[in-house]
Amino acid sequence: MKILYIYNLYQQPGGENHWVESEPQLMEAHGHAVVLYKRDNSEIRDFSWWQKGALLWQAGWSRQSFREVRSLLRRERPDVAHVYNTLALVTPSVYYACRDEGVPIVQTLYNYRLVCPAGSLLRKGRICEECIDHSLWRSVRYGCYRNSRVQTAAVAGMLYRHRRRATWSQMIDAYLVPTEFMRRKLIEGGLPADKIVVKPNFHEPDAGLREASDGSALYVGRLTEEKGLRVLVAAWKQMKSPPRLRLIGDGPLREELERAAGVSRGGIEVLGQRSQAETMEYLKKAALVVLPSAWYEGFPHVILEAYACGIPILASRIGTLADVIEDGVTGLLAEPGDPAELAKKVRWIIENESAARQIGLNGRRAYETLYTAERNYLHLMAIYQRAIETRLVSICSQVASQA
């Protein structure tokens with residue numbers, strides 16, 4: 001099988017950038033032909049002021065991406081196109097290039113962008129579903145995308161126009177989402193239920209079970225407000241003798257967290273961005289991984305890394321986290337925004353070593369059952385085959401109706 005992968009890289013590296021690289025590599029490892037079309041939002045840094053202004057109103061259609069993808073399709077003749085993020089340079093125009101060439105489309109979604117211009121269903125640190133319950137234009141009132149009403153209007157307008165054109169319901173043969181929770185939210189937002197397939201992420205290489213812990217807690221992710229890091233610091237302040245807390249990542253809260261670490265007398269360490277190898281070293285030392293998020297999340301990769309290593313996870317009881325972490329079995333859940341409960345459960349994990357070890361082993365079994373590369377490959381192949389068959393049936397129906 002030949003697969004064309006289409007994606008728009010973000011300026012700030014994150015989980016999505018990881019997946020758009022790992023799945024093509026997985027398919028190549030199994031002998032399939034892979035073709036890549038990518039654009040990078042870092043291109044925008046070199047745009048002139050008028051190009052940046054024009055970009056706001058061209059978010060829904062890029063003539064450059066349309067032409068380049070159509071040319072690539074005609075040259076390579078892939079069996080299926082797999083699309084990831086399209087904002088802001090790729091744009092939904094690539095769907096129409098695929099349609100014109102009769103190539104089925106699989107679209108992976110790692111956030112809520114198609115029903116929320118901000119992509120997070122979060123506003124001012126709180127869950128917000130007004131764009132689902134009312135209208136996309138509510139987001140413009142609040143300036144949800146990049147705290148700008150102008151930029152939010154551009155994204156909301158793009159979503160609205162393609163909703164009216166039935167792009168989301170007719171152009172895509174299958175949507176892939178990592179959890180059932182995300183599927184439900186996207187259906188509530190108007191995406192076709194029969195096209196949304198839950199396909200969990202995977203982790204590779206398998207680092208194996210960790211051997212010993214240094215008793216520390218570890219957070220890995222962006223250092224942003226919605227990640228619940230202020231609650232995490234507050235929980236550490238409430239504990240008399242807290243375990244060492246290490247924070248890996250970068251973001252706008254870094255300076256604030258470094259100040260908190262400075263007065264913690266060594267209880268909190270802000271390590272900044274680290275390589276994958278370094279992150280795994282810290283992970284395999286940890287007694288627990290903590291994810292105190294205040295938002296629904298997509299599917300944080302650190303969950304799979306912790307499961308693979310047999311490390312207990314303590315996370316917020318919200319959205320995707322409550323979907324993939326079974327409370328008391330593969331991890332513990334705490335109410336988001338509650339530092340007292342978070343502190344209590346951190347202490348329980350540290351003080352109940354045997355029970356915590358069993359939770360970690362349960363996570364390892366979940367990894368082996370659901371989240372290995374091989375299982376993902378089989379699932380992905382079945383989805384590609386279904387998309388090809390669906391598009392073939394659609395083309396045959398169109399031909400028959402014109403006869």
*222 nm [θ] for the chain, helices only, -39500 (n - 2.57) per DSSP H run of 4+, per residue, to 500?*
-14000 deg cm²/dmol
_Cα principal axis extents for the stretch 106-255, largest first, Å_ = 57, 37, 22
*Take the alpha carbon atoms of the stretch 100-142, find their radius of gyration, then divide it by 2.2 N^0.38 Å using N residues; give the quotient.*
1.50
*asked:* Once you place label points 7 Å from the Cα toward the Cβ at ASP206 and GLU68, how far apart are they in nm?
replied: 3.9
*Compute the long axis of helix 339-351 from its Cα atoms, compare it with the longest principal axis of the Cα atoms of the chain, and write down the angle in degrees, 0 to 90, nearest 10.*
70
*the chain: longest stretch without exposed trypsin sites (Lys or Arg not before Pro) (DSSP loop, at most 10 other Cβ within 10 Å), sites themselves excluded?*
266-403
*In degrees between 0 and 90, to the nearest 10, how far off the longest principal axis of the chain does helix 15-29 point, with axes built from Cα atoms?*
70
*asked:* With θ taken as phi - 60° and the coefficients 6.51, -1.76 and 1.60, list the Karplus ³J(HN,Hα) couplings across the stretch 112-118 in order, rounded to whole Hz; mark glycine and proline as x.
replied: 9, 4, 5, 10, 8, x, 6
_How tilted is helix 63-76 with respect to the longest principal axis of the chain? Cα atoms for both, answer in degrees (0 to 90, nearest 10)._
80
_Electrostatic dipole magnitude of the stretch 216-370 [Cβ: Lys, Arg +1; Asp, Glu -1; Cα centre; debye, to 20]_ = 520
_Listed residues GLY31, GLY60, GLY251, most fluctuating in the chain (Gaussian network, C-alpha, under 10 Å)_ = GLY31
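Set the Förster distance to 41 Å, then compute FRET efficiency between ARG141 and ARG365 from the Cβ-Cβ distance, nearest 0.05.
0.30
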*lysines whose Cα lies under 27 Å from that of LYS2, excluding same-chain neighbours fewer than 8 positions away*: LYS38, LYS195, LYS199
*Quantify how much of the Cα-Cα distance distribution of the stretch 216-370 extends past 29 Å, in percent.*
7
_Taking just the alpha-carbon atoms of the chain, what radius of gyration and Dmax come out, in angstrom?_
22.0, 79
*Given the options GLN151, GLN273, GLN51, state which has the largest fluctuation in a GNM of the chain using a 10 Å cut-off (strictly under) for Cα springs.*
GLN51
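Please work out the Kirkwood hydrodynamic radius for the stretch 1-151, using every pair of different C-alpha atoms, and report it in angstroms with one decimal place. It would help to have the intermediate numbers written out before the result.
Values: mean 1/r = 0.0599 Å⁻¹.
Its Kirkwood hydrodynamic radius stands at 16.7 Å.
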*Using a Gaussian network for the chain with springs between C-alpha atoms less than 10 Å apart, which of these wobbles most: GLU389, GLU211, GLU21?*
GLU211
*Exposure proxy ranking, count of Cβ atoms within 10 Å, fewest first, for HIS30, HIS379, HIS301, HIS82*: HIS30, HIS379, HIS301, HIS82
*Do you know the relative contact order of the stretch 205-350, to the nearest whole percent, from alpha carbon pairs under 8 angstrom that are 6+ apart?*
28
*Hey, what D do you get for the stretch 201-307 in µm²/s if you plug the Kirkwood alpha-carbon radius into Stokes-Einstein at 4 °C and 1.567 mPa s?*
91
*Hey, can you grab everything whose amide H is under 5 Å from the amide H of LEU122? Only 5+ residues off in sequence or another chain; H modelled, so Pro and N-termini drop out.*
CYS128
*Work out, step by step, the length gained on full extension between ALA382 and ARG274: first 0.36 nm times the residue separation, then minus their alpha carbon distance; give nm to one decimal.*
35.3 nm
*May I ask you to derive the FRET efficiency for ALA193 and TRP61 from their Cβ-Cβ distance with R0 = 25 Å, giving the value to the nearest 0.05?*
0.40
*Considering the options LEU304, ALA355, PRO243, tell which one lies farthest towards the positive end of the dipole of the stretch 216-370, charges being +1 on Lys and Arg and -1 on Asp and Glu at the Cβ, about the Cα centre.*
PRO243
*Using θ = phi - 60° and the Karplus curve 6.51 cos²θ - 1.76 cosθ + 1.60, what whole-Hz ³J(HN,Hα) does each residue of the stretch 231-245 get, with Gly and Pro shown as x?*
5, 4, 5, 4, 5, 5, 5, 7, 8, 5, 10, x, x, 5, 10
*Whole-Hz ³J(HN,Hα) from phi, Karplus 6.51 cos²θ - 1.76 cosθ + 1.60, for the stretch 265-276, glycine and proline x*: 6, x, x, 10, 10, 9, 8, x, 6, 10, 5, 4
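All of the numbers you see were taken from the coordinates with simple rules; none came from a lab. Predicted model only: the values in this text are computed from it and were never measured. Methodologically, a virtual Cβ is constructed for each residue, glycine included, from the backbone with ideal geometry; neighbour enumeration extends over all protein chains shown.
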